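Structure first, commentary second.
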Amino acid sequence: MPVTVTRTTVTTTMSSSSGLGSPTIVGSPRALTQPLGLLRLLQLVSTCVAFSLVASVGAWTGSMGNWSMFTWCFCFSVTLIILIVELGGLQARFPLSWRNFPITYACYAALFCLSASIIYPTTYVQFLSHGRSRDHAIAATAFSCIACVAYATEVAWTRARPGEITGYMATVPGLLKVLETFVACVIFAFISSPYLYQHQPALEWCVAVYSICFILAAVAILLNLGDCTNVLPISFPSFLSGLALLSVLLYATALVLWPLYQFDEKYGGQPRRSRDVNCGDRHTFYVCTWDRRLAVAILTAINLLAYVADLVYSARLVFVRV
């Protein structure tokens, strides 16, 4: 559903603008000389250098190292695909909505590279001895940070502005959907060990909340990427408003129950990190149980704020079919 953004109104339609105030040149090498094309070249180069530096010395180990390598390789590959599509003028043949896909991907890539830029140095680089491998790992972290800034810049340049014509994913609620699903994925990574929640029905409810809200937000994103918003039995704006309200209510319960049952001794929780024997020693590539519980509590609060902002912005949007 294409949309045009005014102060409080969104109508859906196709954009002829790159978000930079000038038409995008497609199907020509000149596309690479435009500001957005140059920015994507920077993304391509920085992610390529990051994984090449790490791969050349084998400087990645464990799940955290694998995540970082996956992030840089994935971002490099998809950015290359986007450049090929734009150089060949193949947007009409692309299987996903081109007005929604690039900014959705750029937002995910910014978050992916941000996570890699934090996780890789804190769980791997600091434990390396001085030498060639450490130097390569530090340089890879720097290029990962550059890629993160480049992707975030693309999001800032191409997001919806008052008076512009754009897709839903370029609006604030659309970008918040990306943040919500990404944070949920990080939560799933931290609660991948069932012993963190299986002993309490209240904690199992929290896991159900994270899963339900993730699925609903992912459905909203996929419907926009596939231009399938008309398949819903209700109007898409009503679906978005209901989704945001339901998610706020569900996450509010999780924000109360997760810390209560994880950190309050009355409910079998562990209030102090020092009591967790797994957190006594420094472990490479490992996040101890108490830290996982705390991380999930913080991420729950972050996602609740994201859903509240989503609800506020969604209530201000009016969709008009064209």
**Item:** Residues that are modelled with pLDDT of 85 or more and either more than 31 Å from the chain's Cα centre (by Cα) or open to solvent by 50 Å² or more (accessible area, probe 1.4 Å) (or both), drawn from region 254-286
**Value:** 255, 256, 260
**Item:** Residue count for region 136-192, restricted to those that are of a type in the set (Asp, Glu) and more than 15 Å from residue 299 (Cβ to Cβ)
**Value:** 2
**Request:** Name the one entry in 214, 236, 182 that is of a type in the set (A, V, I, L, M, F, W, C) and farther than 17 Å from residue 306 by Cα.
**Result:** 236
**Request:** Select from region 105-135 the residues that are open to solvent by less than 50 Å² (accessible area, probe 1.4 Å), under 13 Å from residue 68 (Cβ atoms) and assigned to a helix (DSSP H, G or I) and list them in ascending order.
**Result:** 112, 113, 115, 116, 117, 119, 120, 121, 123, 125
**Message:** When you scan region 233-240, do you find a residue that is in contact with a Phe, Trp or Tyr (Cβ under 7 Å, 6 or more places away or on another chain), modelled with pLDDT under 90 and assigned to a helix (DSSP H, G or I), even just one?
**Reply:** yes
**Message:** Any residue that is hydroxyl-bearing (Ser, Thr, Tyr), closer than 24 Å to residue 111 by Cβ, open to solvent by less than 50 Å² (accessible area, probe 1.4 Å) and assigned to a helix (DSSP H, G or I) - is there at least one of those in region 185-193?
**Reply:** no
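The values are calculated or read from the model by the stated rules, or taken from the named source; none is laboratory data. Just so it is clear, the model here is predicted, and its values are computed rather than measured. Glycine also receives a Cβ, built like all others from the backbone with ideal geometry; neighbour counts cover every protein chain displayed. Only protein heavy atoms, including side chains, enter the accessible area calculation; ligands, DNA and RNA are left aside. Shrake-Rupley method; radii C 1.70, N 1.55, O 1.52, S 1.80 Å.
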